[in-house]
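The values are calculated or read from the model by the stated rules, or taken from the named source; none is laboratory data. This structure is a prediction, so every number in the text was calculated from the model and none was measured. Here the Cβ positions follow ideal geometry from the backbone for every residue, glycine too, while neighbour counts run over all protein chains shown.
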Amino acid sequence: MKVAKKALLGTALAGALVVSAGFGTYSWFTDVKSANATIDGGTLSLGMDTKLFTHENFAPSQMLVSEFKKIDNTGSLNQILRATYTHSVDKAPVNKYKVGYMAIKYAERPNETILKDMVMDYQNNFDKGVTNPVVPKAAKSATSFEVEGGMLSDEQTSALKAQASNNEKTINFGEGKFWKLRNNQNIEIMFFVKLLDSAGNEYQGAHYDAQFKVEAKQTDDGAKFGPEAGTN
């Protein structure tokens, strides 16, 4: 009888194990979904070479016409630019030097014929003392680029440096619509510098220095120009 009881007990335990094993592998239908997120920072940077223009043996009534200076939006973000032109003379008042500019903003660069016509038009008007040259018809009819230009006047002189020295002035271009640069746009700017006929002998051997500075900031509300911007 003991042998039979042991056999029955062993059989019962084996059955329990089988039932337990079957229960452990059983499960309801389930499903799982997950979503991942990443954020890549945008970039805000400008490209511009550091050479503006050079000239020697400048004399009254002469005018320097610079090459185009290209400002590239080399980042991925739209930008608002602040451009200034600071000029100084080592031994005479700087106001005998009159400065004008012509700038074009584009995603695709205009052809050379249009550019040459615009340059000639601005140069002729500047030489005649016209403060707001008329934009050529070619530029008016085009939709792929914008044009801005004129003479940089004393009214645009920075309040911080206006009275700092008679020999140095900083002129602001302003922060209008033209100076908003999308990430696929460029600006090219050309300068005209004329030493007036009324410049006297104190300008003989005078050394003229100029710096064109461009700073960029985000277009978002509250964005500010950084202290290090435009110093390279």
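What to note about this one:
- Residue count, the range 64-97 (criterion: at pLDDT 90 or above and not in a loop (DSSP other than H, G, I, E, B)): 21
- Of all the listed residues (K96, K105), the sole one being crowded, with 17+ Cβ neighbours inside 10 Å, over 17 Å from G149 (Cα atoms) and not aliphatic (A, V, I, L, M) is K96.
- Pairing residues of the range 39-67 that are closer than 17 Å to Y85 by Cα and among the polar types (S, T, N, Q) with residues that are part of a strand (DSSP E or B) and modelled with pLDDT of 90 or more, at Cβ distances under 6 Å and at least 6 apart in sequence or on separate chains, gives S66/M190; S66/F191.
- In the range 124-135 there is at least one residue matching the filter, namely being more than 30 Å from G222 (Cα to Cα), modelled with pLDDT under 90, in a loop (DSSP other than H, G, I, E, B) and among the hydroxyl-bearing types (S, T, Y).
- In the range 180-197, the residues that are on the phi > 0 side of the Ramachandran plot and at pLDDT 95 or above form no Cβ pair under 9 Å with any partner that is surrounded by fewer than 22 Cβ atoms within 10 Å (Cβ to Cβ) and of a type in the set (F, W, Y), whether six or more places apart or across chains.
- Residue check: F58 meets all listed conditions (1) assigned to a helix (DSSP H, G or I); (2) modelled with pLDDT of 90 or more but one, namely (1).
- Taken together, the residues in the range 176-205 that are surrounded by fewer than 18 Cβ atoms within 10 Å (Cβ to Cβ) and either acidic (D, E) or under 24 Å from P93 (Cα atoms) (or both) amount to 8.
- Restricting K105, K98 to those that are touching a residue at least 60 places away in the same chain (Cβ under 8 Å) and under 17 Å from L196 (Cα atoms) reduces the list to K98.
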